[in-house]
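Structure record follows, encoded as structure tokens.
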Amino acid sequence: MHILLVTLSLHIPHAHSLKDKRREIKSIKDKLTARFNASVAEVDKMDSWQQSVLAVCMVSNEKAPLEKQFTLIETLLLEYPEVEVLSASRDWL
């Protein structure tokens, strides 16, 4: 069994309130959960209007599909022009 933990540091430059930020983050979380059957949570910077840290966790019997999904997650985030990816890291558990 392979477990992949992806940590995404995001910047939302157009958010002028926590409500704006949460709207963008909810959209991203919902899409990641639906498309990748992943568990997604905001784990840091919760009180910051323009920054967020998301954790995405996925489990598989093989490592290769998880590596492909990591690449697809990065590609998916490029579809959100309102959000800048500051960093994306992966940890194998």
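Of note:
- Flag for S27 being among the polar types (S, T, N, Q) and either open to solvent by 30 Å² or more (accessible area, probe 1.4 Å) or out of contact with any helix residue (DSSP H, G or I) (no Cβ under 8 Å at 6 or more places or on another chain) (or both): yes
- Unmet criterion (only one of (1) part of a strand (DSSP E or B); (2) of a type in the set (S, T, N, Q); (3) more than 26 Å from W92 (Cβ to Cβ)) for S48: (1)
- Remark: E74 matches the filter, which requires a residue to be modelled with pLDDT under 95 and within 11 Å of V6 (Cβ to Cβ).
- Number of the exception - E24 against (1) within 21 Å of M1 (Cα to Cα); (2) modelled with pLDDT under 95; (3) within 13 Å of the chain's Cα centre (by Cα); (4) not hydrophobic (A, V, I, L, M, F, W, C): (1)
- Taking the listed residues L66, L77, L86, L72, the one that is open to solvent by less than 90 Å² (accessible area, probe 1.4 Å) and in contact with a Ser or Thr (Cβ under 8 Å, 6 or more places away or on another chain) is L66, with no other qualifying.
- Pairing residues of region 32-52 that are of a type in the set (A, V, I, L, M) with residues that are assigned to a loop (DSSP other than H, G, I, E, B), at Cβ distances under 7 Å and at least 6 apart in sequence or on separate chains, gives L32/A38.
The values are calculated or read from the model by the stated rules, or taken from the named source; none is laboratory data. Quick caveat, the model's predicted, so the values are computed rather than measured. Don't worry about glycine lacking a Cβ; one is built from the backbone with ideal geometry, like all the others, and counts go over all protein chains shown. Just so you know, the surface numbers come from the protein's heavy atoms only, side chains and all, with ligands and any DNA or RNA stripped out. Shrake-Rupley method; radii C 1.70, N 1.55, O 1.52, S 1.80 Å.
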